[in-house]
Amino acid sequence: MRSSWIMYLLVLGMMAFHSHGAFGKENAAFAPGPDEAQLARTMHSAMAEHPQVRVGQTEGDLVGQDHRVLQAAVDYVAGLGGGTVEVGPGVYTMYDSLHLRSHVTVRGIKGETILKKAAGAVSPLALDGDFGEEQITLADPTGFAVGYGVTVWDDNAGGFHTTVARLTGRRGSTFSISTPLMADCMVQNQAKAATVFPVISGYDLEEACVEDLVVDGNHGNNVHLNGCRGAGIFLYRGFGSTIRRCVVRDFNGDGISFQQSNEVTVDQSICEGNASLGIHPGSGSQRPVVRECVARGNGLDGLFLCWRVRHGRFEGNTLEANGRFGISIGHKDSDNVLRGNLVRQNGQDGVFFRQESAGMAAHRNRLEGNTIENNGRMGPAAGIRIRGHTNDLVFVDNVIRDTRQGDARTQVTGILIEETVGAVTLQENRIEAKDAIIDQRTNRPK
């Protein structure tokens, strides 16, 4: 009896051993490999498949023809941690911005997916808008509706003091807004509100991306929006975001503006016929990359480096036929490389270093392999003009010329160096001008 019991236990043990071994071999196929690791800010490893939503005007996962369907798709994908929104062809009317979200790519069909700014309404404020207040009262609310984008300002509330928000509720002529007013907007200072806003907007986000979208700003039916708070495409603290193969045209303001946004890439995009600046990195946007873009026929500068744009790369761009300068650079905009750009037919100087004191000038910038030609459509100009106490600039292997004939040759100076400028290095530049170099420095660095 005892031996039978022992034999029974041995058989059970062998069965358990073989069962466990088979299970172990089968389970081993699912074991993580040595190269698998959790992502930096999550408790899982990288996935091969991510959320994707298709938007169309007649078919898709979501169907519609205005900003709401686009926003619904973006917010849904963002709620799943990020992914892609594919937008089909057609004209989508924008009564508010498309608000980007972190880790979401919005991709259209090149040349066929058009986001068009709706015609804007404008009204004086009937009551003062106080700093921090979250409502406005309009003298004429015609054209304003809950859910629309809105901008509020007065004659003293420009730049970053302008408020861009959304209308979130209504009681008669009074509307609540989605963000507090950034400044006092006083009736006595011509305070007003308008349904103007960036067509595409991204605030406080990481690694958003837009690709193959056309922004139509509908300039003739909208009042101006300043570039510190808006543009056809606008980022504010949009770290590591990408704008690729997009077109921004006819916006009553800047084409593309990104502010306080490090590591932004603008790639193969076009800004044309906008009222103000073409491409506007600023207010501490460091390490930007702007490459193979076109800024053409904008009202002011093609490329405007605003304040504290540092360690950027601007390569292979075409900056032509803009109303003022091809490239403007100034306040603390140091340590940038501008290489292989074509700067031509702009209204004034091709490249303009702005007037700044020694502590705040655009030091240690390098211009290499650029072609700067036929600028000065508004009158005599320089290919490159350097002002202020700017120091340690390097110009290497640039072509600076005017190929026009007779009186049409208005780029009369190759490089103009004004009296307070510091060290400038010139190497192997090919200059064709009435005056190749005018150096006004009285104390030239040795």
Failed condition for GLY143, given (1) within 25 Å of the chain's Cα centre (by Cα); (2) closer than 24 Å to ASN218 by Cα, with all others met?
(1)
Within the stretch 197-210, residues on the phi < 0 side of the Ramachandran plot, in contact with a Ser or Thr (Cβ under 7 Å, 6 or more places away or on another chain) and surrounded by fewer than 21 Cβ atoms within 10 Å (Cβ to Cβ) come out as GLU206, CYS209
All but one of (1) in contact (Cβ under 8 Å) with a residue 24 or more places away in the chain; (2) surrounded by fewer than 19 Cβ atoms within 10 Å (Cβ to Cβ); (3) assigned to a loop (DSSP other than H, G, I, E, B); (4) not hydrophobic (A, V, I, L, M, F, W, C) hold for ARG444; which doesn't?
(1)
Condition met for PHE304 (surrounded by fewer than 24 Cβ atoms within 10 Å (Cβ to Cβ), at pLDDT 95 or above, aromatic (Phe, Trp, Tyr) and farther than 21 Å from LYS110 by Cα):
no
Out of GLU432, GLU428, sole residue that is surrounded by fewer than 17 Cβ atoms within 10 Å (Cβ to Cβ), at positive phi and charged (D, E, K, R)
GLU428
SER102 - would you say it is assigned to a loop (DSSP other than H, G, I, E, B) and either in contact with a Leu (Cβ under 9 Å, 6 or more places away or on another chain) or on the phi > 0 side of the Ramachandran plot (or both)?
yes
Of the residues that sit in the stretch 386-396 and are in a loop (DSSP other than H, G, I, E, B) and in contact with a strand residue (DSSP E or B) (Cβ under 6 Å, 6 or more places away or on another chain), which one is farthest from ASP335 (Cα to Cα)?
ARG387
Cross-chain or 6+ apart pairs with Cβ under 9 Å, the stretch 39-57 first and of a type in the set (Lys, Arg), then in a loop (DSSP other than H, G, I, E, B):
ARG54/GLY60; ARG54/ASP61; ARG54/GLY88
Does THR174 satisfy the condition of being among the hydroxyl-bearing types (Ser, Thr, Tyr) and under 29 Å from ILE256 (Cβ atoms)?
no
Are there any pairs, at least 6 apart or on different chains, whose C-beta atoms fall under 9 Å, with the first in the stretch 401-425 and over 24 Å from GLY369 (Cβ atoms) and without any contact (Cβ under 8 Å) to a residue 24 or more places away in the chain and the second among the polar types (S, T, N, Q) and buried (at least 19 other Cβ atoms within 10 Å of the Cβ), and if so, which?
ALA408/ASN374
Hey, any hits in the stretch 305-314 for a residue that's under 21 Å from ALA118 (Cα atoms) and either hydrophobic (A, V, I, L, M, F, W, C) or under 13 Å from the mean Cα position of the chain (by Cα) (or both)?
no
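Given the stretch 214-284, what strands (runs of 3 or more DSSP E) lie entirely inside it while holding 3 or more residues that are crowded, with 24+ Cβ neighbours inside 10 Å and not basic (Lys, Arg)?
233-239, 256-259, 279-282
Kindly evaluate VAL290 against the criterion of being on the phi < 0 side of the Ramachandran plot, out of contact with any helix residue (DSSP H, G or I) (no Cβ under 7 Å at 6 or more places or on another chain), part of a loop (DSSP other than H, G, I, E, B) and of a type in the set (A, V, I, L, M, F, W, C).
No.
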For the stretch 296-343, what are the residues that are touching a Lys or Arg at 6+ places or on another chain (Cβ under 6 Å) and farther than 22 Å from ALA275 by Cβ?
ARG308, HIS311, GLU315, GLY316, LYS332, SER334, ASP335, VAL337
Given the conditions (1) closer than 22 Å to PHE258 by Cβ; (2) outside the structural domain of VAL264 (by TED's automatic domain parsing); (3) acidic (Asp, Glu), report the number of the one that ASP204 does not fulfil.
(2)
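The values are calculated or read from the model by the stated rules, or taken from the named source; none is laboratory data. The structure presented is a predicted model; accordingly, all values stated were derived computationally and were not measured. For neighbour counting, all protein chains shown are included, and Cβ atoms are generated from backbone atoms with ideal geometry for every residue, glycine included.
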